Amino acid sequence: MTVVLGGGIQMQTVREILLQFWQIIKTKPITALAAFFLLYSFSFIWPTFYRYDHIKPKEGTSFPVRINRITGNAEMLLFEGWRKAEPFK
């Protein structure tokens, strides 16, 4: 059973997705095994979307910084929470 949402987006049931996955495993076991191995390895190589670092704008102060690995956006942890990192003046 396929459900059609507004705008023509089709969603499959979990059963259909599992049946399709099982068909791939039965017909192409090497491909399925390779896909599983890549996903498993990827989860250990790149575990988070952020890379964490710190900056020291002045002697005696340090701020944690997180950098989004996909977009490159940087945020600093301040007392108010994570804020967009901007150049110091």
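Answer yes or no: is there a residue in segment 28-35 that is in contact with a helix residue (DSSP H, G or I) (Cβ under 9 Å, 6 or more places away or on another chain) and modelled with pLDDT of 85 or more. Full working, then the answer.
From segment 28-35, those in contact with a helix residue (DSSP H, G or I) (Cβ under 9 Å, 6 or more places away or on another chain) are 31-33, 35; that's our starting set.
Next cut, modelled with pLDDT of 85 or more only: 33.
Checked against the condition, which is being in contact with a helix residue (DSSP H, G or I) (Cβ under 9 Å, 6 or more places away or on another chain) and modelled with pLDDT of 85 or more, segment 28-35 yields at least one hit.
I'm told residue 15 meets every condition in (1) at pLDDT 85 or above; (2) surrounded by fewer than 10 Cβ atoms within 10 Å (Cβ to Cβ); (3) part of a helix (DSSP H, G or I) except one. Can you identify the failing condition by its number?
Tallying (1) at pLDDT 85 or above; (2) surrounded by fewer than 10 Cβ atoms within 10 Å (Cβ to Cβ); (3) part of a helix (DSSP H, G or I), residue 15 fails exactly one: (1).
Restricting attention to segment 46-54, does a residue exist that is at pLDDT 80 or above, closer than 22 Å to residue 69 by Cβ and touching a Ser or Thr at 6+ places or on another chain (Cβ under 7 Å)? So that I can check it myself, show each step before the final result.
Here is the first cut: in segment 46-54, the ones at pLDDT 80 or above are 49-54.
Next cut, closer than 22 Å to residue 69 by Cβ only: 49-54.
With touching a Ser or Thr at 6+ places or on another chain (Cβ under 7 Å) added as a condition, the list becomes 54.
Yes, that holds for at least one residue.
The values are calculated or read from the model by the stated rules, or taken from the named source; none is laboratory data. Since this is a predicted model, take the numbers as computed values, not measurements. We place every Cβ from the backbone using ideal geometry, glycine too, and count neighbours over all the protein chains shown.
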